[in-house]
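The values are calculated or read from the model by the stated rules, or taken from the named source; none is laboratory data. Here the structure is a predicted model, which is why all the values come from computation and not from measurement. Cβ placement follows ideal geometry from the backbone for every residue including glycine, while neighbour counts extend to all protein chains displayed. Accessible surface is based on the protein model in full, side chains and every heavy atom, while ligands, DNA and RNA are left aside. Shrake-Rupley method; radii C 1.70, N 1.55, O 1.52, S 1.80 Å.
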Amino acid sequence: MQALGQRASQRAPLQAAAGRRRVVSCRAVVAEPPSSSSKPGPIILDGQVLHSLSPERLELVSSLGSFVEQEVQPLLKDPMKCWQPSDFLPPSEDPYFMDAVLELRKRSGGLPDEYLVTFVGDMITEEALPTYMAMLNTLDGVRDETGASPTPWGRWTREWTAEENRHGDVMNKYMYLTGRCNMKSIELTIQNLIGSGMDPKTENNPYLGFVYTSFQERATKVSHGNTARHALEFGDELLAKMCGSIASDEGRHEIAYQRIVEKLYELDPDGSVLAFADMMRKQIVMPAHLMDDGVHGERNVGRNLFADFSSVAERVGVYTAFDYADIMEFLIKKWRVGERSHQSGEAAAAQEYLMKMPDRVRRLAERASVRKSKLKPVQVQFSWIFDRPLSV
Ligand SMILES: [Fe+2]
Ligand SMILES: [Fe+2]
């Protein structure tokens, strides 16, 4: 899952400006403008440009309100028609609640530890939802300015978050009832993750932000779809239905974000191809890349929890580097990247770069998997499953 982690390659354009920066805080700097310009240079924080969208493109994004209202918003479901976590859980007011819990425990008894670790990692990712809402509200031109803004963009962000909130909720309650996981350690990991946030390198730029969410929603659809399939194989039909329902929500969400980028492509092909290529160069960081249970490194000679969780997910086939390449290829086709004609040479170069990427990523993934198959597996303890070891 994290075979394609972050790289420093995107920092190249910033390094050119580095010699001419003035410091505005301990970690933020403002690059000096070119001598011919009277405008201030971009603000740079932790190696990335902030507010990188041009005023013209910002205006374009701000003008898309009625498009969002008519074409994007309807992809969300009426809350009265949505499934809720209780639909998948034994009703606690029921006199036969305890029997239903025993039944649930019997059903989930066949889930192997690899499955539990993968499911819990996905669940922790869902539970860090405050971070993703915050991320959307960093984006210029679309943020919810008041917290209850009636604009189509503001409503979209809140209502999308509200749909997403059911995912971590149902997964968490289900895992609690199975009795198979160390809930306190999981809860600590969630608290740490929300406290750490995430760094998707989207520069307050909605073009970059919506490429990121288009990718991520599809990635979550793939992984929840796979955990659904595996739950069925291990004999837990209800869990399979639950994961399938989550995957189906992610499916509507991916269509929504991809539709936004499609619109940007229609109105501004050059800006869109540059944004897409930029995010692919930076590589899509997984939203939970900063997860920490406070003990993993100590118990496993300095190993990283997210990397180990990702290796387990990769090994059981829930989310792999090949899925990453497939998603990239899917988006290239979806946005008809190869068919567009571009005005600037820079945009044409970005287009060419994108067209080659999926094969390149697959070759890298193949090489990495051959390398990995030659390594002796290491036993790693996961606090989430009471320190039971897994081969990584
Ligand atoms: Fe989700
Ligand atoms: Fe999602």
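Assorted remarks:
- Residues that are modelled with pLDDT of 95 or more and assigned to a loop (DSSP other than H, G, I, E, B) are absent from segment 36-46.
- Residue selected from segment 179-205 under the condition surrounded by fewer than 21 Cβ atoms within 10 Å (Cβ to Cβ) and hydroxyl-bearing (Ser, Thr, Tyr), by the criterion nearest to ligand 2 (Cβ to nearest atom): Ser196
- Residue match in segment 50-67 (condition: at pLDDT 95 or above and under 30 Å from Met242 (Cα atoms)): no
- Hits in segment 344-377 (condition: modelled with pLDDT under 95 and open to solvent by 100 Å² or more (accessible area, probe 1.4 Å)): Arg371, Lys372, Lys374, Leu375, Lys376
- Just one of the listed residues (Pro130, Pro95, Pro90) is in contact (Cβ under 8 Å) with a residue 40 or more places away in the chain and more than 16 Å from ligand 1 (Cβ to nearest atom), namely Pro90.
- Some residue of segment 202-224 being over 19 Å from Ala162 (Cα atoms), touching a strand residue (DSSP E or B) at 6+ places or on another chain (Cβ under 8 Å) and away from ligand 1 (no atom under 16 Å from the Cβ): yes
- Hey, Ala240 away from ligand 2 (no atom under 16 Å from the Cβ), in contact with a helix residue (DSSP H, G or I) (Cβ under 9 Å, 6 or more places away or on another chain) and free of Cβ contacts under 8 Å to residues at least 60 places away in the same chain or not: yes
- Selection of segment 273-293 for residues being part of a loop (DSSP other than H, G, I, E, B) and within 14 Å of the chain's Cα centre (by Cα) yields Gln283, Ile284, Val285, Met286, Pro287, Ala288, His289, Leu290, Met291.
- Residue in segment 218-228 that is nearest to ligand 2 (Cβ to nearest atom), counting only those that are in contact with a helix residue (DSSP H, G or I) (Cβ under 7 Å, 6 or more places away or on another chain) and open to solvent by 10 Å² or more (accessible area, probe 1.4 Å): Thr220
- Counted residues, segment 54-105 - those being small (Gly, Ala, Ser), within 23 Å of Leu239 (Cα to Cα) and not in a helix (DSSP H, G or I): 1
- Residue ID - nearest to Ser311 (Cα to Cα), chosen from residues in segment 120-151 that are part of a loop (DSSP other than H, G, I, E, B) and among the β-branched types (Val, Ile, Thr): Thr138
- Those residues of segment 152-165 which are in contact with a helix residue (DSSP H, G or I) (Cβ under 7 Å, 6 or more places away or on another chain), more than 11 Å from ligand 2 (Cβ to nearest atom) and either open to solvent by less than 20 Å² (accessible area, probe 1.4 Å) or not in a helix (DSSP H, G or I) (or both), in sequence order: Trp153, Trp156, Thr157
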